[in-house]
Amino acid sequence: MPFREHWRDVKCLHDDGIPIDTTSNETAKLFDATLTQYTGWYNDKQMGGVESTISRLLASDPTCIASRVLATGVDLLATASPSSSHHTKTVESLGNITSTNKYINLHTQALLQWSSGHFTKATETWEELLVLYPFDMMSIKFVSDTYFYVGDRDMLRDSIARVLPIWETSTDRPLKSYLYGMYAFGLGETNMIERAEKEARFGLELNPHDGWATHALAHALEYAGEVSQGIDFLKKTQHEWSTSDIIKPHIDWHWALYEIEQGKREVAEEMLTKHILNRDSELIMLDFVDIASLIYRLKLVGQNSSTVYSSNQLKKFLHDHLHDHTLIFNDLHIYFILDDYTDEEHRKDFLRTLKESYETSDSDNSQVYRQVGKYLFQAMDQFQEKNYSQVVELLYPIRNKIYQIGGSNAQRDLFYLLLIHSAVHSSNNQHQQLAKQLINERCLMRNKTKSKMMENYANMLLND
């Protein structure tokens, strides 16, 4: 069996450094099952999936605060609900808790900070937790996801590095294998590519069905310019990583990026429509940002209209989350395809609530909006109008600050591609000279590999 079948009871969780506040073994096992699916990016069919397991968990012991912490954290960090409701919902779920259990108090504090938009403060609280409880996978997951959202690449790596040697002192601790894929991802995001590949492959030796380790290796191979090797790897291991159904569409997205890099737009389009867009399961926010990003990338390489990717499910999801404003990253992905799926009135309404949410708030996202985000939105507006020189003037000064919006290097690469594309097509000769250097920069960062996509841009400049 690729996944776990036996769940830990109260004593086992306590022995493993997780001081859950219940005497119910049923609750403890449901807690472990929820945490395992969340960590492993899969829905356990025998348990009915993550949502069903959480429902049963909360019903099994309504007095267990750790269960409510886990359920609230999973919901918040899915980033698929309006930011305006986050704090109220978190207070309703957790209340004004003054437990004698420091584990509970710190988790509650972190989630209240997160729900107020103070993500960095929340990470500091979770790191305090991990000093006291280094085996607490709930803290590890929550803090890693938040580092990803705020673009803190160093801590995405170092937070795992702090606890991994401690976990390695025990041989059979559940969930330990997942740490290698998580560490590999942080290494890749900080350009430690060879080590990232090594750690990801070790994680896959321990658990070939680890979707996150597969994902981390896909990143490492992309950053190393090993696109063909990446495609071969995903083909050969598809049966294994497909079992991680929550992250499977995102791994398909990486595969589509490889194809675009090789100049195979039609293959990427087929992957978008067949494997990512038109499938039976409901969309989650990760699916949406993948779809929006891929549609926009395909537009850059020659697809003239994103309306060819018609999907009522996509349109409904976009409208349902138009005014969430939880992450600038999500808002930017909504804007990638907004004009193709809504009318002008909805577009104006989106921009109005966007500014209302970010311009006067003291949240972490508001600072990012003011320093970086608003210029990205302006650049996309100028690109829509084919004012390529204006796009360059807006993007080039902030190109080294874009990491602040969160996401991975691979996801943010779209903005660097937008900059290259606009510099190539700008009527300003200096911008065209800049384009040559930006192409050089991207190719050398990827092991001196000039992909077909970069070759096409370089040829455009030669033919001008």
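In table form, for the structure just shown:
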quantity	calculated
Qualifying residue in segment 400-413 (condition: free of Cβ contacts under 8 Å to residues at least 12 places away in the same chain and either open to solvent by 80 Å² or more (accessible area, probe 1.4 Å) or touching a Cys at 6+ places or on another chain (Cβ under 8 Å) (or both))	yes
Of all residues making up segment 28-46, the number that are assigned to a helix (DSSP H, G or I) and buried (at least 18 other Cβ atoms within 10 Å of the Cβ)	13
Tally of residues being in contact with a His (Cβ under 7 Å, 6 or more places away or on another chain) and open to solvent by 30 Å² or more (accessible area, probe 1.4 Å) across segment 211-242	1
Every pair of residues 6+ apart whose Cβ atoms lie under 9 Å, when the first sits in segment 340-363 and is free of Cβ contacts under 8 Å to residues at least 12 places away in the same chain and of a type outside the set (A, V, I, L, M) while the second is surrounded by fewer than 17 Cβ atoms within 10 Å (Cβ to Cβ) and in a helix (DSSP H, G or I)	Arg347/Asp339; Glu359/Arg370
Check on Asp339, among the acidic types (Asp, Glu) and not in a helix (DSSP H, G or I)	no
Pair list, Cβ under 7 Å, 6 or more apart: segment 435-464 residue within 23 Å of Ala256 (Cβ to Cβ), other residue crowded, with 17+ Cβ neighbours inside 10 Å and of a type in the set (Ser, Thr, Tyr)	Ile439/Tyr457; Arg442/Tyr416; Arg446/Tyr223
Scope segment 256-271; condition more than 16 Å from the chain's Cα centre (by Cα), assigned to a helix (DSSP H, G or I) and within 25 Å of Asn459 (Cα to Cα); matching residues	Ala256, Tyr258, Glu259, Ile260, Glu261, Arg265, Glu266, Val267, Ala268, Glu269
Qualifying position, being assigned to a helix (DSSP H, G or I), at pLDDT 95 or above and out of contact with any Gly (no Cβ under 9 Å at 6 or more places or on another chain), among Ser159, Ser139, Ser144	Ser139
Pairs, first surrounded by fewer than 16 Cβ atoms within 10 Å (Cβ to Cβ) in segment 372-388, second at pLDDT below 95 and assigned to a helix (DSSP H, G or I), C-beta under 8 Å, six or more apart	Gln384/Asp339
Sole residue being among the polar types (S, T, N, Q) and not in a loop (DSSP other than H, G, I, E, B), chosen from Thr214, Thr171	Thr214
Condition check for Asp320: open to solvent by 10 Å² or more (accessible area, probe 1.4 Å), touching a Gly at 6+ places or on another chain (Cβ under 8 Å) and not small (Gly, Ala, Ser)	no
Inter-residue pairs, beta-carbon under 6 Å, first open to solvent by less than 30 Å² (accessible area, probe 1.4 Å) and in segment 191-210, second assigned to a helix (DSSP H, G or I) and of a type in the set (Phe, Trp, Tyr), 6+ apart	Gly203/Tyr180
Segment 442-464, residues that are within 16 Å of Ala224 (Cβ to Cβ) and open to solvent by 90 Å² or more (accessible area, probe 1.4 Å)	Leu444, Met445, Asn447, Lys448, Lys450
Checking Val69 against (1) in a helix (DSSP H, G or I); (2) surrounded by fewer than 22 Cβ atoms within 10 Å (Cβ to Cβ), the condition it does not meet	(2)
Helices (runs of 4 or more DSSP H) fully within segment 361-432 counting 3 or more residues that are polar (S, T, N, Q)	364-368, 374-384, 409-425
Check on Thr146, touching a Phe, Trp or Tyr at 6+ places or on another chain (Cβ under 8 Å), touching a residue at least 24 places away in the same chain (Cβ under 8 Å), buried (at least 22 other Cβ atoms within 10 Å of the Cβ) and closer than 22 Å to His321 by Cα	yes
Given (1) part of a helix (DSSP H, G or I); (2) surrounded by fewer than 18 Cβ atoms within 10 Å (Cβ to Cβ); (3) at pLDDT 95 or above; (4) of a type outside the set (Lys, Arg), number of the condition Thr23 does not satisfy	(1)
Enumeration of residues in segment 340-372 that are out of contact with any helix residue (DSSP H, G or I) (no Cβ under 7 Å at 6 or more places or on another chain) and hydrophobic (A, V, I, L, M, F, W, C)	Leu351
So Met271, is it within 21 Å of Ile140 (Cα to Cα) and among the hydrophobic types (A, V, I, L, M, F, W, C)	no
In segment 150-171, the residues that are closer than 21 Å to Ala220 by Cβ and either among the hydroxyl-bearing types (Ser, Thr, Tyr) or open to solvent by less than 30 Å² (accessible area, probe 1.4 Å) (or both)	Gly151, Leu156, Ser159, Ile160, Leu164
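The values are calculated or read from the model by the stated rules, or taken from the named source; none is laboratory data. These numbers were taken from a predicted model, which means no experiment stands behind them. We place every Cβ from the backbone using ideal geometry, glycine too, and count neighbours over all the protein chains shown. Quick note on the areas: whole protein, heavy atoms, side chains included, nothing else; ligands and nucleic acids left out. Shrake-Rupley method; radii C 1.70, N 1.55, O 1.52, S 1.80 Å.
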